[in-house]
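Working notes, beginning with the structure itself.
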Amino acid sequence: MNSDQKKQMAYFDQAARTWDEKPNRIRLAAAVAQALEREIPLEHKMNAMEYGCGTGLVSVAIAHRVGSITAADISPEMLKVLDEKTKDMGIENITTMLLDLTRHPLPRERFHLIYTSMTLHHIGPVEKLIEKFYRILHPGGWLSIADLDKEDGDFHGDVPGVAHQGFERTGLEALLAAKGFSGIRAVTAYEIVKEIRPGRTKRFPVFLMTGRKQG
């Protein structure tokens, strides 16, 4: 683990206990979950993975629609909060996993659905990550990515571990197609309204992009 990865993990570990206290995060996760349900035909026979699950806001919202969810993250504290949450809520089909696909071996399990929400912009080697997602999907499996449209850096400010200031949708679509995904589609799932400096707010669109592994 390099120094940037250590800083990133430390940031999310420290933020875990208060992560769900910001209403905008709750609203964003709800909107992403709703968009995912509209764009992908979820079924109870599906086993799914959320990569970069954080405290599991999206996974908790869709858990009743799928068979099982592996909630993966690089932050042990985020996973601990999620474990406590699912226990309190009586959710039994979410299992947490400490996983960094930029460093760790691929899990042995294969999935019908992999989804991420506001995770991809923290990961430098996006192309390699998309390849790994493709490899651990069942033939015909779905990939769903929710993230920021390309922006000028106002969104994160000095938050550590930000590798991309959002994404151009056409560029990400081309990358998914090059890695073997078909039926690629992008919709706007939400707009975050954020104060970027005292007295000035700005809107940041969040897209949901879906594609399907051939086979």
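The values are calculated or read from the model by the stated rules, or taken from the named source; none is laboratory data. Model, not experiment: these values are computed from the prediction. No Cβ is skipped: glycine too gets one built from the backbone with ideal geometry, and neighbour counts run over all protein chains shown. Protein only, heavy atoms only, side chains kept; ligands, DNA and RNA dropped before computing areas. Shrake-Rupley method; radii C 1.70, N 1.55, O 1.52, S 1.80 Å.
General observations
- Ordering P205, H112, S68 by Cα displacement along the dipole of the chain toward the positive end leaves H112 in first place; charges were set at the Cβ atoms of Lys, Arg (+1) and Asp, Glu (-1).
- In a simple Cβ point-charge model (Lys, Arg +1; Asp, Glu -1; nothing else charged), region 1-54 has a dipole of about 160 debye relative to its Cα centre.
- Surface per residue (accessible, 1.4 Å probe) for the chain, Å²: 48 Å²
- In the structure shown, the pairs K87/K132; K22/K87; K6/K128; K45/K179; K6/K132; K132/K194 are assessed against 24 Å; a Cα-Cα span above that value is assigned to K87/K132; K45/K179; K132/K194.
- Solvent-accessible surface ranking, highest first, for D100, D152 at 1.4 angstrom: D152, D100
- Only the Cβ atoms of Lys and Arg (+1) and of Asp and Glu (-1) were treated as charged; on that basis the dipole of the chain about its Cα centre amounts to roughly 320 debye.
- Estimated [θ] at 222 nm from DSSP helical runs (n ≥ 4, -39500 (n - 2.57)) normalised by residues in the chain, nearest 500: -10000 deg cm²/dmol
- For the chain: relative contact order, % (alpha-carbon pairs under 8 angstrom, 6 or more apart): 19 percent
- Here the dipole of region 5-109 is about 220 debye; that uses its Cα centre as origin and unit charges on the Cβ of Lys and Arg (positive) and Asp and Glu (negative).
- Kirkwood Rh and Cα Rg combined as Rg/Rh, region 83-164: 1.01
- Computed accessible area, R200, all protein chains, 1.4 angstrom probe, square angstrom: 110 Å²
- For the chain, a/c is less than 1.5, where a ≥ b ≥ c are the root eigenvalues of the C-alpha gyration tensor. That puts it in the rounded class.
- Surface composition of region 47-126: carbon and sulfur make up 52 percent of the accessible area, probe 1.4 Å.
- Near the amide H of G56, within less than 5 Å, lie no amide hydrogens of residues on another chain or at least 5 residues away, with H placed in the peptide plane.
- Dividing the alpha-carbon radius of gyration of region 3-105 by the rule-of-thumb value 2.2 N^0.38 Å gives 1.07.
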